[in-house]
1. I need the peptides 224-235, 308-319, 260-271 ranked by packing, meaning the mean over residues of other C-beta atoms within 10 angstrom, with the highest value on top.
2. Which FRET efficiency, nearest 0.05, do Lys111 and Asn214 yield, Cβ-Cβ r, R0 41 Å?
3. Share of antiparallel DSSP beta bridges in the stretch 208-367, in percent to the nearest 5?
4. Using the beta-carbon distance between Ser123 and Ser60 and R0 = 25 Å, what value does 1/(1 + (r/R0)^6) give for FRET efficiency, to the nearest 0.05?
5. Between Gln234 and Gln279, what length in nm is gained on full extension when 0.36 nm per residue of separation is reduced by their alpha carbon distance?
6. Modelled label-to-label distance, Leu227 and Ser344, 7 Å Cα→beta-carbon offset: nm?
7. Keeping the other protein chains in place, figure out the carbon and sulfur percent of the accessible area of the stretch 156-260, with a 1.4 Å probe.
8. If packing is taken as the average number of other Cβ atoms within 10 Å across a peptide's residues, how do 347-359, 163-175 rank, most packed first?
Amino acid sequence: MLIGSTLRTTQIPTSPFNHFSSFSSHFTLIFFQHKPMSPSSVKIVAEYAKSNRSTCKNCSKTIPASTLRLGFVTRDGRGFDMTRWFHSDCASFGSDPVSSAEEINGFALLKGSDQEALKKLVSKSHESKVCKRDGDEEVGVEERDQKKVKLSTSSLQPKLDLVLTASNVKTKYKDATLLPKWKAFQTLIFLEQDDGLHHSSKIAAFDFDGCLANTSVKRVGAEAWSLMYPSIPQKFQSLYDDGYKLVIFTNESNIERWKNKRQVAVDSKLGRLKNFISQVKVPVQVFVACGIGSGSGKSEEDPFRKPKPGMWHVMENHFNGGIPVNLDQCFYVGDAAGRAKDHSDADLKFAQAIGLKFCVPEKFFVE
């Protein structure tokens with residue numbers, strides 16, 4: 001698997017919206033942003049250990065690779081995140097447990113058996129809280145630490161812990177051949193490293209259809225699109241010059257649906273994206289979710305399809321050159337905001353799930 005350049009772009013301590021100050025009055029109702037994590041706040045992560053290097057803070061034993069672990073993430077006085085890892089059996093939620101297992105970061109991406117185990121652990125913590133009397137002694141250092149804070153479930157970010165290797169990253173999506181430089185992993189197609197792309201802590205993220213490109217479900221082909229707003233190339237160039245990495249996150253279930261015409265669907269979608277990047281003349285990273293939503297009769301929601309945050313977490317964890325993302329300097333622009341004329345609210349909920357500032361394209365590119 002190709003690994004992108006790890007060149008770190010220069011940090012510029014300005015908001016992306018400072019370049020578009022006339023937009024500020026429009027964001028008050030429609031963008032969502034996490035408050036900076038204070039030293040006393042905490043969030044909980046559930047994931048499979050990536051290696052054998054982590055040690056449980058309760059029993060001091062190694063957490064084997066690929067086994068379930070829970071992390072309690074806090075921010076120290078210097079503003080750095082610190083994660084304390086535990087075996088799932090060793091973890092304690094303290095006196096203010098999360099209200100349900102589904103609110104733990106990464107719960108939806110775990111195996112069914114591990115989800116059930118976490119549900120039981122959360123339920124047990126609730127029972128413990130009900131039974132505890134005033135003056136009872138707290139058990140364990142970690143439980144005492146957790147008692148000091150109240151979990152803010154609004155700031156939870158589900159993490160997608162995946163193993164991407166040369167063997168499971170393909171140059172074809174099922175029976176359809178991809179364009180050069182494009183790869184596929186499960187139900188995700190991505191352009192990892194466009195020429196000149198620099199990874200960054202600042203991400204300018206966009207939807208594609210109806211946001212950057214004017215397309216129609218009745219028209220097929222790499223040329224069947226037009227630029228949604230004439231200001232897009234200039235805006236993209238300005239963001240790129242200011243150290244942002246530009247990323248497109250787009251759903252395209254026709255690639256999965258059109259089993260007999262999958263190559264046509266792939267060529268149409270990737271061709272439009274390739275031509276768009278050529279027209280704006282700015283390096284762009286692209287992720288295409290090909291899975292079908294739960295409304296189609298599927299029992300499980302595809303983890304990459306918006307509003308699920310899977311595409312973002314693949315980018316953040318595997319395709320950003322190891323550079324931590326600063327959510328305070330990231331934003332997402334999309335047209336599916338749940339308004340009367342919108343086909344859905346998937347873009348709005350995608351931004352909410354991650355904690356990104358959100359704006360609709362007509363305000364970002366025009367007003």
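The values are calculated or read from the model by the stated rules, or taken from the named source; none is laboratory data. What you see is a predicted model; the values in this text were computed from it and never measured. All Cβ positions, even for glycine, are placed from backbone atoms using ideal geometry, and neighbour counts span all protein chains on display. Note: areas computed on protein heavy atoms with side chains; ligands, DNA, RNA excluded. Shrake-Rupley method; radii C 1.70, N 1.55, O 1.52, S 1.80 Å.
1. 308-319, 260-271, 224-235
2. E between Lys111 and Asn214, to the nearest 0.05, is 0.50.
3. 20
4. After rounding, the FRET efficiency stands at 0.40.
5. Computed gain between Gln234 and Gln279 is 15.1 nm.
6. 2.9
7. Within the stretch 156-260, the accessible surface is 52 percent carbon and sulfur.
8. 347-359, 163-175
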